[in-house]
1. Given (1) touching a helix residue (DSSP H, G or I) at 6+ places or on another chain (Cβ under 6 Å); (2) under 30 Å from residue 12 (Cα atoms); (3) without any contact (Cβ under 8 Å) to a residue 24 or more places away in the chain, identify the lone condition not met by residue 390.
2. Could you count how many residues in the stretch 133-147 are surrounded by 12 or more Cβ atoms within 10 Å (Cβ to Cβ) and out of contact with any helix residue (DSSP H, G or I) (no Cβ under 6 Å at 6 or more places or on another chain)?
3. When you check residue 91 against the structure, is it touching a residue at least 60 places away in the same chain (Cβ under 8 Å), over 26 Å from residue 227 (Cα atoms) and exposed (fewer than 15 other Cβ atoms within 10 Å of the Cβ), yes or no?
4. Considering 464, 433, which residue is closer than 17 Å to residue 364 by Cα, assigned to a loop (DSSP other than H, G, I, E, B) and either at pLDDT 95 or above or in contact with a helix residue (DSSP H, G or I) (Cβ under 8 Å, 6 or more places away or on another chain) (or both)?
5. Within the stretch 148-167, identify whether any single residue is surrounded by 14 or more Cβ atoms within 10 Å (Cβ to Cβ), touching a residue at least 40 places away in the same chain (Cβ under 8 Å), out of contact with any helix residue (DSSP H, G or I) (no Cβ under 8 Å at 6 or more places or on another chain) and assigned to a loop (DSSP other than H, G, I, E, B), and answer yes or no.
6. Just one of 370, 379, 343, 358 is buried (at least 24 other Cβ atoms within 10 Å of the Cβ), touching a residue at least 60 places away in the same chain (Cβ under 8 Å), within 21 Å of the chain's Cα centre (by Cα) and within 28 Å of residue 570 (Cα to Cα); which is it?
7. What are the residues in the stretch 511-531 that are more than 19 Å from residue 464 (Cβ to Cβ) and either modelled with pLDDT of 90 or more or in a loop (DSSP other than H, G, I, E, B) (or both), if any?
């Protein structure tokens, strides 16, 4: 429940050692360069990053282009080869050696750009030829050369098309003209092809225009059939050439691994260049300030000493007006839940990390919503399998699968308590908890679902824990009285509310709890009202006290928010029960598919069990993930959480394609 403590590295080195020192600091993975304070004799270290940024963009474009083309080639040819995917491990020596790949990388970029340009040109030509083929199809029936359709001194002979819709009218008009002759040569369903001959004194040209006659766009000593064949042959040659280009792209994929390493190497060089804005320099030296976890200061010192002996540096405490970055210190299980906290806001470096406590409640709530042994096993096994498959990385999928696996353990526990296995109650298992669908308790004379009351009591415990953490937060800063009045008092108030709620349940048979809880809650509320304005003056004391009393209304609405645990649990349980009844156990009037003995129904029952429960689990997990997070963010973190931290980003730790191992 803590974040790493940071110190501050203050370093002065010769300018020519700057690059080597930054490389050494990157290798430690323990320094985040910060903006250097203004110094009288130092100025910002200017650097022009645009050229390097454009160069990196060209490398990334080539890498993405080759990857995309290679993946398409592998799919099209059904190859078993896998294209180099991002996230592969690279040791530090190979990473630094990537500098020697520059010449090859530049050649690959030129080659990829050239191939892309060739393909673009050929694709445009192919599209043009396809349009031409579309126009030439109807002329394929012409067995004479296009040049044969030529006129004389007094006549005009031509080929052309008119729309099928007007061909009869066109033919009738041409027939009525005594100085012309037309012959139908072909039809394709949309247009009709005609050979037209007319005397120059004929009125046919007017009819040609009237009926949208389109003259033949082809000519020469080839027939229509030959012309169509030539066009198709050109397209075939272009297809072969395009296939060759695709094959050349695929050949470039053998360079993808070193190219991606080189991309991230150049990215690190760009990062170092961009850091110039944070550094200061004199005529011969460079000044660097960086945040360093205190536990890593010896490693950073050794790294600097291994590069130069001409550097002067030291470690100091972080100033009060500075906020260091946040570096969590959690075990492997809790680390999965850090992403949930970060979606709300990373903790700031001067508060404690609540991820451990939140992880426990998040898993309890997730398990309570699912509350089924079968679903819990699916979450545990499925989440665990994905987690192990991605254990080498530290991505979001790995952490999310770890969250679901942890929730699966609690789902199994709650499932055992509720005696639920894929919605079926087993006779061999004892039922500890009341039936979520049927059991009712009398609460202040009103019959309400018993599991709803349990959900509200769980909420009281959650809120009480939040106030305890508020007290811990204050005590860590030496604010003992604030911890008692703003944390402990409200935690006791929550305890009183929880006892009172339990006492109001007739089945509990303990009405004394209502009186005891009410007294505790009343005393705590009175104390909170009287002390809320202790730091205010005059009217502020009254308004603060009134605000504390009014806060009880918000507190009541917060408790009611936990009713969503019951609602989500009930919806999933009902669907699970219906699926299992139809597939296995049956109802009073029906027999389950699987136990019916009919082969077709047995198969249908198995399919229903698999598809139905997988779908129900997926939908339930989606709702549980969102609403569980809401309860943590609003009801729990609202008691004590400050946030607004910035995650620790060590120099050179952000890579797009690779992960540095054995650093």
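The values are calculated or read from the model by the stated rules, or taken from the named source; none is laboratory data. For clarity, every value in this text was computed on a predicted model and none was experimentally measured. Virtual Cβ from ideal backbone geometry, glycine too; neighbours counted across all protein chains shown.
1. For residue 390, the exception is condition (2).
2. Taking the stretch 133-147 as the starting set, the residues that turn out to be surrounded by 12 or more Cβ atoms within 10 Å (Cβ to Cβ) are 133, 135-142, 144-146.
Subset that is out of contact with any helix residue (DSSP H, G or I) (no Cβ under 6 Å at 6 or more places or on another chain): 135, 137-138, 141, 144-146.
So the answer is 7.
3. yes
4. Among 464, 433, only 433 is closer than 17 Å to residue 364 by Cα, assigned to a loop (DSSP other than H, G, I, E, B) and either at pLDDT 95 or above or in contact with a helix residue (DSSP H, G or I) (Cβ under 8 Å, 6 or more places away or on another chain) (or both).
5. yes
6. On the way: 370 fails: within 21 Å of the chain's Cα centre (by Cα); 343 fails: buried (at least 24 other Cβ atoms within 10 Å of the Cβ); 358 fails: within 21 Å of the chain's Cα centre (by Cα).
Step by step, each of 370, 379, 343, 358 is checked, and only 379 is buried (at least 24 other Cβ atoms within 10 Å of the Cβ), touching a residue at least 60 places away in the same chain (Cβ under 8 Å), within 21 Å of the chain's Cα centre (by Cα) and within 28 Å of residue 570 (Cα to Cα).
7. Scanning the stretch 511-531 gives 511, 512, 515.
Every residue, every condition in (1) in contact (Cβ under 8 Å) with a residue 24 or more places away in the chain; (2) surrounded by fewer than 16 Cβ atoms within 10 Å (Cβ to Cβ); (3) not assigned by TED's automatic domain parsing to the domain that holds residue 453, yes or no:
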| residue | (1), (2), (3) |
| --- | --- |
| 478 | no, yes, no |
| 483 | no, no, no |
| 490 | yes, no, no |
| 528 | yes, no, no |
| 531 | yes, no, no |
| 543 | no, yes, no |
| 549 | yes, yes, no |
| 557 | no, yes, no |
